[in-house]
1. Pull out all pairs, ordered by first then second residue, where Cβ-Cβ is under 6 Å, the residues are six or more apart or on different chains, the first lies in the range 231-248 and is modelled with pLDDT of 95 or more, and the second is assigned to a helix (DSSP H, G or I) and among the aromatic types (Phe, Trp, Tyr).
2. Which one is nearest to Arg108 (Cα to Cα), of the residues in the range 34-53 that are among the aliphatic types (A, V, I, L, M) and in a strand (DSSP E or B)?
3. Cβ contacts < 7 Å: first residue under 30 Å from Lys336 (Cβ atoms), restricted to the range 20-34; second residue of a type in the set (Ser, Thr, Tyr) and surrounded by fewer than 20 Cβ atoms within 10 Å (Cβ to Cβ), any location; separation 6+ or different chain. Result?
4. Across the range 70-97, which residue is surrounded by the most Cβ atoms within 10 Å (Cβ to Cβ) among those that are among the acidic types (Asp, Glu) and within 26 Å of the chain's Cα centre (by Cα)?
5. Quick one: which of Leu96, Leu103, Leu146 is farther than 28 Å from Asn40 by Cβ and aliphatic (A, V, I, L, M)?
6. In this structure, is Asn505 in contact with a strand residue (DSSP E or B) (Cβ under 7 Å, 6 or more places away or on another chain), within 20 Å of Asn436 (Cα to Cα) and polar (S, T, N, Q)?
7. Right, Ala158: closer than 22 Å to Met279 by Cβ, surrounded by 22 or more Cβ atoms within 10 Å (Cβ to Cβ), at pLDDT 95 or above and not β-branched (Val, Ile, Thr) or not?
8. Give me the residue from the range 106-155 that is within 27 Å of Gly228 (Cβ to Cβ) and basic (Lys, Arg) and, out of that set, modelled with the lowest pLDDT.
Amino acid sequence: AGVYYPDKTRVGWWKNGYPEYFAKVLNSINWIGIRVFIENQELDLSKATVLEFQRVLDMKRGTLERNCELELDDGKRLSLSSLRFCSMQDPELGCLDYRIQPLNFSGRIRLEPILDFDVHNEDSNYGEYFWEGNESGHKGDQCYNLAKTKKTEFTVAAGMAITPIGELTDSMELNDHYQIGWKLEFQISPEKEVGIHKFCSILSSFDHDPKEISEIAINKAEQAKENGFQKLLEDHIQSWANIWKDSDIIIEGDIEAQQGIRFNIFHLFQTYKGDDPRMNIGPKGFTGEKYGGSTYWDTEAYCIPFYLGNSDPAVARQLLVYRHKHLPKAIENAEKLGFKDGAALYPMVTMNGEECHNEWEITFEEIHRNGAIAYAIHRYMEYTGDREYLAEYGLEVVVGIARFWMQRMNYSENKKQWVILGVTGPNEYENNVNNNWYTNFLATWCLGFAIKCWDHVKTHHGERHKELEAALNLDRKEVDSWAERMEKVYLPRDEERKVNLQQDNFLDKEIMNAEMIPANERPINQHWSWDRILRSCFIKQADVLQGMYFFYDDFRKEELERNFDFYEPMTVHESSLSPCVHSVLASRLGRSEKAYELYLRTARLDLDDFNKEVHEGLHITSMAGTWISVVEGFGGYHVSEGKIHFDPLLPEGWEALEFKLKFRGNLVRVNISRSMVRIELEEGTDITIIVSGANQNLTKDSPIEIPFDR
Ligand code: BGC
């Protein structure tokens, strides 16, 4: 995590303002390799007859297990088993238990555990190898392998130690170019299982002095070996148990739905722990090269609610601080595009604050991302009650964003209102449109939010306010201009249908239902030409509805319903971020069947490969959306003016739903069964909760119990 390479941009036609590079988190040392030789013949699963094969991802314990039985060409039969984990107790440690047992022969086998730095990125723009300065060696019973990234000069070092299972007949060092390890020989016979425990440390100069890193890697591997596999496995399982204790979601009566949500929660915690503000969450986490492991608006719009509900507020705060650290770069980025006076445009894709995206319709035009960053600050304050954040960090970010929106709008003499031209909304199946409703609404909200933040800091942190006034060169006059502007921003709307219009002229399109697209043409992004997609009415992901989800309190239910009924049928949900938002809205509208259909689609997106792209990696950020669809959708969880609301809806077939939530120092357990909503306060102090519209007092001694039949 955090180790990246700035891969030189490659585009068909260069546009001024494009970034020089796309930052990529790199494939790094392969620590799991073990070659197996039977009487000097290398074992190759693709050539053997596989009699049995089972691979198990144990999400409760966080282990990956594989068991298989094979028959070789010469009739030799054997069983292999392996179990490995990346320690949750110590993120720099990976451990592997590998065993082999002959079933009908005796002889000699050799295991070659290796650390392999011959790794490439398939998506390298110029076919380059991103690592250099490879160095490796043995030291006593340990070995290490190290390399540096080109240009960015991060050092990554791995150490390895081995404990044999069974008696070794010979052991030799192996040092072959990028690979280092041992050749370990065993005598085997049917009743004798042999194997190894492999302990690997992986460290980077992100956290260690590069001069000492190989030494530390070796010591760490040695220490792991001393602790032993069993102990490390138990510690790891215990760490997972601590996570599951408060973060599990239990769905009774629907095994597919249950497996789906746990798969999502598991991957989110594997990806991001929240203990380092330099880190963020890539759309594919570390499971695939697509999106380069860089940061997108996904974090603010989707991941923050998950971590707010499940972790200490410090975790979500880290994610906000990450953007604060990037503020100078966001200002620089805006300047490159011609904005001035402290206007900040956060990048669409970034690693260190610099823009990495290079498709003009997104780089320059998908500017709604700026709004999501302000919205995340608002959400964080609502959920945690921590307003101190504003004075320390938040206000500067919000002001930069407000200034950007002020400059990005222009006054239309024709409309006698302020407009935002040439944008791409969240629905990327429209490019370069004028007055995307979501963008205009969000931009206007940002101005109002900035005013509130400014006033708050002025009232509660006078000294800091003065300091910021000077540092930001901001005065009341400028703040008043935001208030004035807010009143005059154009929001496209169709009065006949009484819906918010996705953009100007949206109704010129042929309005069709996505069900009319033949199945063999779905997903359309893999079958249709781009111009055809752009001309169609089909929507990639929530756009107007994304806004109505964010600003739920601002719209009446009938209004939400009208917009949902207009837009959802045109939506092809070809972004993983789409089904979850629609599922929440469907729940809020009491459309249980629709909410459930979309829930399964988000929860099992990767397990069932709905969008036929799982080979590119898992959709980590949308996994947070899955959590949202359960807790905010079926659980009906919503925070408004600092108060928790629940308005549950249980899909048909679910006997019960149970989850826990962290909210302002409280830990609340919610159980929704077919006949009752039960809310318990596990930790914290008395609070008022609004359940299905009625105020309820929750104390540790008296849980809320309300009859329920939705
Ligand atoms: C979506 C974006 C998203 C990106 C990364 C795209 O397909 O349209 O909204 O930020 O994927 O998840």
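The values are calculated or read from the model by the stated rules, or taken from the named source; none is laboratory data. In this text, all values refer to a predicted model and were calculated from it rather than measured experimentally. Virtual Cβ from ideal backbone geometry, glycine too; neighbours counted across all protein chains shown.
1. From residues that are modelled with pLDDT of 95 or more, the pairs are Ile243/Phe269.
2. Looking only at the range 34-53, we keep the residues that are among the aliphatic types (A, V, I, L, M), and these are 34, 36, 38, 43, 45, 48, 50-51.
Then drop every residue that is not in a strand (DSSP E or B), which leaves 34, 36, 38, 50-51.
Details: Ile34: 16, Val36: 11, Ile38: 6, Val50: 21, Leu51: 22 Å.
In this case the residue turns out to be Ile38.
3. That search, which allows pairs on different chains as well, returns Glu20/Thr9; Tyr21/Thr9; Phe22/Thr9.
4. Filtering the range 70-97 down to residues among the acidic types (Asp, Glu) leaves 71, 73-74, 90, 92, 97.
Now narrow it down to the ones that are within 26 Å of the chain's Cα centre (by Cα): 90, 92.
Details: Asp90: 18, Glu92: 20.
Among residues in the range 70-97 that are among the acidic types (Asp, Glu) and within 26 Å of the chain's Cα centre (by Cα), the one surrounded by the most Cβ atoms within 10 Å (Cβ to Cβ) is Glu92.
5. Numbers: Leu96 fails: farther than 28 Å from Asn40 by Cβ; Leu103 fails: farther than 28 Å from Asn40 by Cβ.
Exactly one residue qualifies, and that residue is Leu146.
6. Numbers: in contact with a strand residue (DSSP E or B) (Cβ under 7 Å, 6 or more places away or on another chain): no; within 20 Å of Asn436 (Cα to Cα): yes; polar (S, T, N, Q): yes.
The answer is no for Asn505.
7. Working: closer than 22 Å to Met279 by Cβ: yes; surrounded by 22 or more Cβ atoms within 10 Å (Cβ to Cβ): yes; at pLDDT 95 or above: yes; not β-branched (Val, Ile, Thr): yes.
The answer is yes for Ala158.
8. The qualifying residue modelled with the lowest pLDDT is Lys139.
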